[in-house]
Amino acid sequence: MSSVLIAEGEPRIASFVKKGLESSGFTTLVAIDGDEAIALSRRIPFDTIVVDAALVDDRPGQCQRLRPGQLLMHPGPVNR
């Protein structure tokens, strides 16, 4: 089973993404900020890391400390 780290600071969005991935058979963990995502990614060998682009905007360079090739960025909510 594939494991996914979800780095998302908004609890409702994190919950939505987590439920969707778990219903598709993925194992997930949620990090609420970039520092927690980095710490978790160093301890646990995730297959994929999904990162809210807003978290990266807060502290440039954080994504470079995550594992290359495992990172997916999502733009967060779209205002319509």
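The values are calculated or read from the model by the stated rules, or taken from the named source; none is laboratory data. Please read these numbers as outputs of a predicted model, since none were measured by experiment. Neighbour counts run over all protein chains shown; Cβ positions are idealised from the backbone, glycine included. What goes into the accessible areas is simple: the full protein's heavy atoms, side chains included, and nothing from ligands, DNA or RNA. Shrake-Rupley method; radii C 1.70, N 1.55, O 1.52, S 1.80 Å.
Pairs only if they're at least six apart or on different chains, beta carbon under 7 angstrom, first in the range 33-47 and of a type in the set (A, V, I, L, M), second in a loop (DSSP other than H, G, I, E, B) and open to solvent by less than 60 Å² (accessible area, probe 1.4 Å); list them, first residue then second.
That search, which allows pairs on different chains as well, returns A37/L66; I38/Q62; I38/L66.
Determine, yes or no, whether I44 is surrounded by fewer than 16 Cβ atoms within 10 Å (Cβ to Cβ), among the aliphatic types (A, V, I, L, M) and at pLDDT 85 or above.
Against the criterion (surrounded by fewer than 16 Cβ atoms within 10 Å (Cβ to Cβ), among the aliphatic types (A, V, I, L, M) and at pLDDT 85 or above), I44 qualifies.
Can you find even one residue in the range 56-69 that is among the basic types (K, R), surrounded by 11 or more Cβ atoms within 10 Å (Cβ to Cβ) and at pLDDT 60 or above?
Looking through the range 56-69, none of the residues is among the basic types (K, R), surrounded by 11 or more Cβ atoms within 10 Å (Cβ to Cβ) and at pLDDT 60 or above.
Tally time: how many residues in the range 1-38 are loosely packed, with under 15 Cβ neighbours inside 10 Å, of a type in the set (A, V, I, L, M, F, W, C) and either assigned to a strand (DSSP E or B) or at pLDDT 90 or above (or both)?
Of the residues in the range 1-38, 1 are loosely packed, with under 15 Cβ neighbours inside 10 Å, of a type in the set (A, V, I, L, M, F, W, C) and either assigned to a strand (DSSP E or B) or at pLDDT 90 or above (or both).
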